[in-house]
Each structure stands twice: as C-alpha cells, then as structure tokens.
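I have placed the structure first, in the form of structure tokens, so that the comments after it can refer back to it.
Where a number appears in this text, it was derived from the coordinates with a stated rule and is not lab data. Remember, predicted model here, so these are calculated numbers, not experimental data. FYI the Cβ positions are ideal-geometry reconstructions off the backbone, even for glycines, and counts take in every protein chain you see.
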C-alpha cells in the first residue's frame, strides 16, 4: 500500500505559501491507518522499548497504538500548563518566538528505554525539546519515529546522535 497516496495536500494552510500534509485522510482509512502503525511498530519490535512518548497532539495518534502493540507504557508530552502533577519543562524555538513542552516528573524512570513518536518531523524543535525532557528524567532515547519527514526543513540534522526513522519523506 502506498501511504503517500492517502495523505491530502492542503495549499496555503495554515498560512499562504505552505503546502500542508493532512494526515486525516490516512487516519480515516482503517486499512491505511493500520498499515502505517504496523510499519512504524515493526522497526522497534524486539528492541526492549519500555515507554513510548507521544507529543501533543498528533503524536498521540501514533504513540498510543504503538505503545499498546509494543507492551510499553505511554507518556504524553504536552504544552505548558496541560499536565496536572509536577512537571519538568523544556523551551524550544519557533519561527517567531519560543514555546514550552512539559512532562510529568515521575513519567520515566532512570534507564528506561524510550521511543519518541510524532506524526511529522519538520524543523526538529519539538523533538529536540522532547528528547531533552526524556534525558533530564534519566530515560534512554532508543529512537525517534515519525510517519512523515519534510526533508527540505532539515530537522534530521538537529537530531544527530539519535536513530531517526520516518516512514514517508517529502
């Protein structure tokens, strides 16, 4: 199955000049969604993943089923102020300013093998912030996985030192 055919291009979203890769068309197709999850999981089966970390919000769509299949825990990384208990945070740069991500302080135990998952790798800022959070808690980032990578934005370059996997590259 060609998953690229299941992704819709939306021109000028969220701003003029951007060609948005809309995954909702893939998600609504049960066969395509299952196939995407299966392909992502297969790469990490047998690697002893103990925790799958998903980034708000589309990362949850892939991290949750992957954690279930891998018999791993699921840990959400959220935007500032969304988690109810004590957190640690990491700031990251956006095109115009900064943003902040948080993880519960007790979400990961030192030495746990962690897989970081998101729907899309663009500039890499969100992923770097997330790996910093995992490592601050003592987790061992085994890999970072994405359904889509926008190669022209060169986010992979920011992730040197990590095993980066993307199913679809544009």
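Give me the strands (runs of 3 or more DSSP E) completely within region 8-125, filtered to those with at least 3 residues that are in contact (Cβ under 8 Å) with a residue 40 or more places away in the chain, ordered by residue number.
Of the strands (runs of 3 or more DSSP E) lying wholly inside region 8-125, those with at least 3 residues that are in contact (Cβ under 8 Å) with a residue 40 or more places away in the chain span 51-55, 87-94, 113-121.
Among the residues of region 68-111, what is the count of those that are within 21 Å of residue 46 (Cβ to Cβ), crowded, with 18+ Cβ neighbours inside 10 Å and more than 18 Å from the chain's Cα centre (by Cα)?
0
State the number of residues belonging to region 129-149 that are under 12 Å from the mean Cα position of the chain (by Cα) and closer than 17 Å to residue 49 by Cβ.
Matching residues across region 129-149 total 6.
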